[in-house]
Amino acid sequence: SEKALTFLYEQVEEEFAAFYRLINHDDEGEFKAKLEPADGKLDLRVDFHKKGMFPPGAYHSEGHQDGMGVCLYLALMKHVMGANFTFAVLDDVVMSVDAQHRKQFCKLLKTHFPNTQFIITTHDQVWARQIRSEGLIGAKAAVAFHHWTVETGPVLDEVAEIWDQID
């Protein structure tokens, strides 16, 4: 089992680093990562601009750490589930990621997971528009909930109607 886990870690760390490099191609195009079992846990060390390998929180911003978390999740799911990774819910996973890197995140999902259906939730209208403008979803595939209360729950509208009101 140790050999199998070590092999999985090696496969996942390379895929994780490749996904992260795609999202951050402009500033971390040579990013590397290392997953190592240590004392009953798994240590993650990441490169910081060729200054050495450190825990993600040592030097990377919250946005970069959020991006790493999503990339690690996607790499794990790709290796563990393989072709059976057909559905995932991503709930506000890029809230602290800037707009340019969010654009690359859309590219990652479209190019590396074409057979996975993603349900992406957000409170951020800018991100919701960007998901649509980047072609990750079509106008008819989006819905918006509003006026949520404990008594009634959310009210559902098609986003196309909401966009017309906002634009």
Handout entry: Counted residues, the range 26-59 - those being assigned to a loop (DSSP other than H, G, I, E, B), under 20 Å from the mean Cα position of the chain (by Cα) and either free of Cβ contacts under 8 Å to residues at least 40 places away in the same chain or within 13 Å of residue 12 (Cβ to Cβ) (or both)
Key = 8
Handout entry: Residue selected from the range 134-160 under the condition surrounded by 10 or more Cβ atoms within 10 Å (Cβ to Cβ) and either basic (Lys, Arg) or in a helix (DSSP H, G or I) (or both), by the criterion modelled with the lowest pLDDT
Key = 160
Problem - One residue from 83, 75 being closer than 21 Å to residue 14 by Cα, without any contact (Cβ under 8 Å) to a residue 40 or more places away in the chain and either assigned to a helix (DSSP H, G or I) or open to solvent by 60 Å² or more (accessible area, probe 1.4 Å) (or both) - result: 83
Problem - Complete set of residues in the range 86-97 that are surrounded by fewer than 16 Cβ atoms within 10 Å (Cβ to Cβ) and out of contact with any helix residue (DSSP H, G or I) (no Cβ under 6 Å at 6 or more places or on another chain) - result: 86, 87, 89, 91, 92, 95
Exercise for the section: Would you please list the contacts, defined by Cβ atoms under 7 Å and residues six or more apart or on different chains, that run from a residue in the range 99-127 that is touching a residue at least 12 places away in the same chain (Cβ under 8 Å) to a residue that is open to solvent by 80 Å² or more (accessible area, probe 1.4 Å) and among the aromatic types (Phe, Trp, Tyr)? Expected result: 116/87; 117/87
Practice task
Consider only pairs whose beta carbons are under 8 Å apart and that are at least six residues apart or on different chains; among these, list those whose first residue lies in the range 1-14 and is closer than 11 Å to residue 35 by Cα and part of a helix (DSSP H, G or I) and whose second residue is open to solvent by 70 Å² or more (accessible area, probe 1.4 Å) and of a type in the set (Lys, Arg).
Solution key: 13/34
Practice task
Filter the range 7-24 down to residues that are loosely packed, with under 15 Cβ neighbours inside 10 Å and closer than 14 Å to residue 70 by Cβ, then give me how many there are.
Solution key: 0
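The values are calculated or read from the model by the stated rules, or taken from the named source; none is laboratory data. Owing to the predicted nature of the structure, the values given are computational and were not obtained by experimental measurement. Positions of Cβ are generated from backbone atoms using ideal geometry, with glycine treated the same way; all protein chains shown enter the neighbour counts. What goes into the accessible areas is simple: the full protein's heavy atoms, side chains included, and nothing from ligands, DNA or RNA. Shrake-Rupley method; radii C 1.70, N 1.55, O 1.52, S 1.80 Å.
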